[in-house]
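The values are calculated or read from the model by the stated rules, or taken from the named source; none is laboratory data. Since we're looking at a predicted model, the values are computed, not measured. Note that each Cβ is placed from the backbone with ideal geometry, even for glycine, and that neighbours are counted across all protein chains shown. Note: areas computed on protein heavy atoms with side chains; ligands, DNA, RNA excluded. Shrake-Rupley method; radii C 1.70, N 1.55, O 1.52, S 1.80 Å.
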Amino acid sequence: MQNITSGFGAFHPLALMLWFVSIFIVSMFSMNPVITLLSFAGAVCLSLARFGLRDFFRHAGFYLIMFLLIALSNPLFSHNGETPLFYLNHQPVTLEAFFYGLETAFMIVAVLYWFKCFNVLMTSEKFIYLFGRVIPRLSLILSMALRLLPAFLRRYRQIARAQKAIGLFSGKGWTDQIKASAMVFGALVSRALENAIDTGASMLARGYGLPGRSHFSIYRFTRRDLFLICADLACSVVVFTGMATGSIRFFFYPSVRCSWNAASYIVFAAFALLSFLPFIIECKEKLTWNYYISKI
Amino acid sequence: MELLHIENLSFRYPKQAQDVLRDLCFDIPQGAFVTLCGPSGCGKTTLLKNLKPALTPHGQKTGTILYRGTPMEHLSDKDKAVKIGYVLQNPDHQIVTDQVWHELAFGLENAGFDTDTIRLRVGEMSSYFGITEWFHESTDRLSGGQKQLLNLAAVMAMSPELLLLDEPTSQLDPIAASEFLNTLKKLNRELGITVILAEHRLEEAFCLSDLAMVMDEGRIIAFDDPRHVCQTLTDTRYAAGFPTASRIWQAAGGSGSCPLTVNEGRRMLADAARPAIFPLPPRSLSEETVLELKDAWFRYEREGKDILKNTCLRVQKGELFCLLGANAAGKSTVLRILAGTERLTRGKLLIHGKVQKPKDPDAGRHIALLPQNPLDLFLKDSILEDLQDMCAMAGYAKEEQESAITQIANDLSITHLLAQHPFDLSGGEQQKCALAKLLLRRPDILLLDEPTKGLDAFAKNELLAFLSSYIRSAAGASTKRGMTILCVTHDVEFAALAADRCALMFDGEIMAAAPPERFFAENHFYTTAASRISRGIFQNTVTVAQVCALMKGNHK
């Protein structure tokens, strides 16, 4: 896998967050097959660029099963639509329900792929940073909690190991095991409180509680970020207007039908740009890199 | 002008009958490197905390502390925080945030610096301290030495004038500790930072210091150039932790100036002594093998790397075996396997000649493991409750319990500690109580994981006396057979004093098991200071006592 701070991940958390919010909203609420397919293609391309072909095939099974489950369950349970394909238990299985299932399946799998990228690109630090802008104290608390959790786990294992060596966990029944774990946990909590005194001292020693605390982050907002936000906003405005005015409305029931005009194609183009933007950025970075290498 | 001027400083904790600090008067010159030493509980920490207003404990304080001529109370809150840096003992507990970069910025955020200043300072700090490699790591993934370095850098980021450090190296291995002390010296030398360092490891600290302060029972015993301090206090109980060279110098007659480093010690000894050979003490090793690892392989994860690689180990009955080696050599893993908390992936473990099988109900009955942190053994609110628990688990009859606890508490002289909470004890006391709990199981094999970590010279000597007299001679009533001890340690000085045999563990293999005189005499780098000083002049001398014994009658 690539370095998380390269390519699309190198953008400022705010720009990334805004972009992901718009892609999630449009993907989930448009219910238009063109939008959904564009979103799906964009998501798959970005995950291919970020995680590689190998990772794609390793996890493809999961997404395929999800896809089939959703796509097939809709026509089995929903009998709306006017074009019956065949009858199952005296119930019609319709073409429209089948299409609707396909649409939903593509939409959900696309969102899952986006989410996978989101998880990797928006690290906990970036998240904390964004929330910290709103509530500065919260970001410190989150950061401290993220520090304590692994330390807590490690210390639990350490105490449990020491106790196991002197026979604490040797009881046969599960009640004994639970009792032993509870004892270790109790000791762990008092140890944590004891250690917190040191942490507190270290915070005080470095001036925590002085008036006028500032808020530092390692993220820089650059022209690139501004460009991404502008592109994101421009595309989103076009797409949202299209959605609100009904120019990309698509009907599955009672029969598959759409009312597209010239405006619809502008909306699709805008969304295509939005959806493929991260992929284009990733590719551009790789290509320029290869270009520089070839020049050396 | 002096940086700190302290006059008649006394301090008493609430509800205590005695002062912890008694009428202290001294000056700390600007730019000095001061080492503060003395037995546990002598008031070192209390003194340091009194010099850092944010950490000064509640209590009754008299006298004056002047910082550059201004009373400490009159400094602004920001100056108090920024100008005086404080590093605590435990590397882990003082880290506040989850990311290295955030930790470096924490103090600067508190002081209200703007983003650009912080960015510059953080960059500066990580370049100066060599943190750049792990700048984007989460703090949880650092080693102990890295954590302590980060703590120092995070304090230095606020560019203090005075650094106070409370035993910062006591939880580190010797290499990390030495690196840390040298970084401190660099700060002192290159930036003129005034350093006050409370320390147990005087071997190195004294060589780096301009001034040494020895405290006991709240008083200053000596405050002078380290050489003078060693010279004047050489016959007292404080000398136990002094540099080896100075202790040998005393035995050699104490003429000229007192040497502190190994190099100075070598020159002094070459001038003062004739070559001689130390007669090796007779050591008889039992024929009976108690612990044995045969071609042992081990890894923690299926895809992980091998921690043990074809490791072989034999420990004979009644001996104290020291396993030495650097960090991550697999020493603690060996102990876990012997104690039965991990299983070998390949190879055999034999205890008392019996192959150990998983799920054996008898497994681990003979063995007790003292973990690195003795606190891990205590689950209750008082030592007594924990000992009682142990009795119940070890299957003592009701009537036996009390006498067994009394007996063991007497043997370890911890009777006065039984009612206390484990957290309220010093490191040495915690360890003794942990040993008591372990010995109640009546083990015949004792495993010790870094038993000297965090102990001062006095507690170390006590541990040594306990291990050699009580357990090994099996004179105590609670052990009928001779106990076998396997000790894993970084501490070469301790191993040279305590061990019957030593071995080096490196890269998953155990090599060169031999008596300490031979083991350390053959090592050139990984050996005791006494051995390095006497090499080429005396043969077979690895402890101060041995060098001193040989000095008698071999004067030039």
Report summary line: Result of the Cβ filter at 8 Å on region B:38-61, keeping first residues that are within 11 Å of chain A (Cβ to nearest Cβ) and partners that are open to solvent by 10 Å² or more (accessible area, probe 1.4 Å) and assigned to a loop (DSSP other than H, G, I, E, B), at least 6 apart or interchain, is B:49/B:56; B:49/B:57; B:53/B:75; B:57/B:13
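Yes or no, residue by residue, for (1) at pLDDT below 90; (2) of a type in the set (Val, Ile, Thr); (3) crowded, with 17+ Cβ neighbours inside 10 Å; (4) farther than 27 Å from residue B:483 by Cα:
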| residue | (1), (2), (3), (4) |
| --- | --- |
| B:271 | yes, no, no, yes |
| B:278 | yes, no, yes, yes |
| B:284 | yes, no, no, no |
| B:287 | yes, no, no, no |
| B:292 | no, no, yes, no |
| B:303 | yes, no, no, yes |
| B:317 | yes, no, yes, no |
Query raised in the report: Restricting region B:49-94 to residues that are farther than 21 Å from residue B:113 by Cβ and of a type in the set (Asp, Glu), which is surrounded by the fewest Cβ atoms within 10 Å (Cβ to Cβ)?
Result: B:73
Requested in this report: Pick out the one residue from A:115, A:106 that is within 28 Å of residue A:144 (Cβ to Cβ) and part of a helix (DSSP H, G or I).
Outcome: A:115
Requested in this report: Answer with yes or no whether residue B:340 is within 11 Å of another protein chain (Cβ to nearest Cβ), within 19 Å of residue B:296 (Cα to Cα) and open to solvent by less than 60 Å² (accessible area, probe 1.4 Å).
Outcome: yes
Report task. Scan region B:162-174 and give yes if some residue there is of a type in the set (Ser, Thr, Tyr) and either in a helix (DSSP H, G or I) or surrounded by fewer than 17 Cβ atoms within 10 Å (Cβ to Cβ) (or both), otherwise no. Result -> no
Report task. Evaluate the following for residue A:232: is it in a helix (DSSP H, G or I), touching a His at 6+ places or on another chain (Cβ under 9 Å) and more than 7 Å from chain B (Cβ to nearest Cβ)? Result -> no
Requested in this report: Identify, from the list B:545, B:521, the residue that is buried (at least 18 other Cβ atoms within 10 Å of the Cβ) and without any contact (Cβ under 8 Å) to a residue 60 or more places away in the chain.
Outcome: B:521
Requested in this report: Show the residue pairs that are 6+ apart or on different chains and have beta-carbon atoms under 7 Å apart, the first residue being within region B:79-93 and more than 7 Å from chain A (Cβ to nearest Cβ), the second being charged (D, E, K, R) and surrounded by fewer than 21 Cβ atoms within 10 Å (Cβ to Cβ).
Outcome: B:83/B:161; B:84/B:52
Query raised in the report: Looking only at region A:88-113, which residues are open to solvent by less than 60 Å² (accessible area, probe 1.4 Å), closer than 22 Å to residue A:255 by Cβ and within 27 Å of the chain's Cα centre (by Cα)?
Result: A:101, A:102, A:103, A:104, A:105, A:106, A:107
Query raised in the report: Counting just the residues of region B:225-250 that are assigned to a helix (DSSP H, G or I), of a type in the set (Ser, Thr, Tyr) and open to solvent by 10 Å² or more (accessible area, probe 1.4 Å), which one comes out modelled with the highest pLDDT?
Result: B:232
Report summary line: Of (1) in a helix (DSSP H, G or I); (2) open to solvent by less than 60 Å² (accessible area, probe 1.4 Å); (3) farther than 23 Å from residue A:30 by Cα, residue A:142 satisfies every one except (2)
Query raised in the report: Do you know which of the residues in region A:150-179 that are facing chain B (nearest Cβ under 9 Å) and open to solvent by 70 Å² or more (accessible area, probe 1.4 Å) is farthest from the chain's Cα centre (by Cα)?
Result: A:170
Report task. Filter region B:371-395 down to residues that are more than 21 Å from residue B:446 (Cβ to Cβ) and outside any helix (DSSP H, G or I) and give me whichever is least open to solvent (accessible area, probe 1.4 Å). Result -> B:382
Report task. Looking only at region B:67-85, count how many residues are among the small types (Gly, Ala, Ser) and closer than 16 Å to residue B:106 by Cα. Result -> 2
